[in-house]
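The values are calculated or read from the model by the stated rules, or taken from the named source; none is laboratory data. Keep in mind it's a predicted model, so treat the numbers as computed, not measured. Quick reminder, even Gly has a Cβ in these numbers, built from the backbone with ideal geometry, and neighbours come from all protein chains shown.
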């Protein structure tokens, strides 16, 4: 096969305009529809099929503001309990007898407090010789007292939610009452309630 015949069967070489990514002046010899460089560059954008220089990069704009950290949690209320003699500024008197307008909302009502006090007096009157009987009296009184107090606090939470929220918003509070034994005092029960509402309960202090 001659060179002329071979050239006639081959596709004509692409023109310099096509190689530069410009419109082809000889579409019969190098038509864009055959996938020449010009057609590809139109599909590929300003870079071009043959690696022509890209448009200059634009200067970077101001940095995007950092997204808020949703994992950051607000500070938790720290709750402790103490007897009425506690002198710290974070003391919160929650007794029926001497609490302030907010404190009495966390105190047991007289309807459940009087029977508990009466049971305590009966237990004391039993004396050492009847310590078992005294303990039975105290256990029965406490078993009745706790659910009654919890019911009152549920009602208080519904009725006086703003006061509860104020207490929960404090950094620290010490619940104080007259009872000698914290384990059998409503201040400990109340601390447990606040713990279920998100507070950090740390026990009795002095």
Exercise. Given the conditions (1) within 42 Å of the chain's Cα centre (by Cα); (2) more than 30 Å from residue 169 (Cβ to Cβ); (3) surrounded by 14 or more Cβ atoms within 10 Å (Cβ to Cβ), which single one is not true for residue 117?
Worked result: (3)
Seminar exercise, completed: Note on the range 157-172: residues buried (at least 18 other Cβ atoms within 10 Å of the Cβ) and touching a helix residue (DSSP H, G or I) at 6+ places or on another chain (Cβ under 6 Å) are 164
Exercise. All but one of (1) farther than 22 Å from residue 100 by Cα; (2) surrounded by fewer than 18 Cβ atoms within 10 Å (Cβ to Cβ) hold for residue 150; which doesn't?
Worked result: (1)
Exercise. Taking into account only those residues within the range 189-206 that are assigned to a helix (DSSP H, G or I) and touching a strand residue (DSSP E or B) at 6+ places or on another chain (Cβ under 6 Å), which is surrounded by the fewest Cβ atoms within 10 Å (Cβ to Cβ)?
Worked result: 195
Exercise. Taking residue 148 and the conditions (1) part of a helix (DSSP H, G or I); (2) more than 22 Å from residue 77 (Cβ to Cβ); (3) without any contact (Cβ under 8 Å) to a residue 24 or more places away in the chain, which numbered condition does it fall short on, given that it satisfies the others?
Worked result: (3)
Problem set entry | Evaluation of residue 170 against (1) at pLDDT 95 or above; (2) part of a helix (DSSP H, G or I); (3) out of contact with any strand residue (DSSP E or B) (no Cβ under 6 Å at 6 or more places or on another chain) (one fails), failing number | (2)
For this session: Confirm whether residue 107 is assigned by TED's automatic domain parsing to the domain that holds residue 179, under 25 Å from residue 201 (Cα atoms) and surrounded by fewer than 17 Cβ atoms within 10 Å (Cβ to Cβ).
Result: no
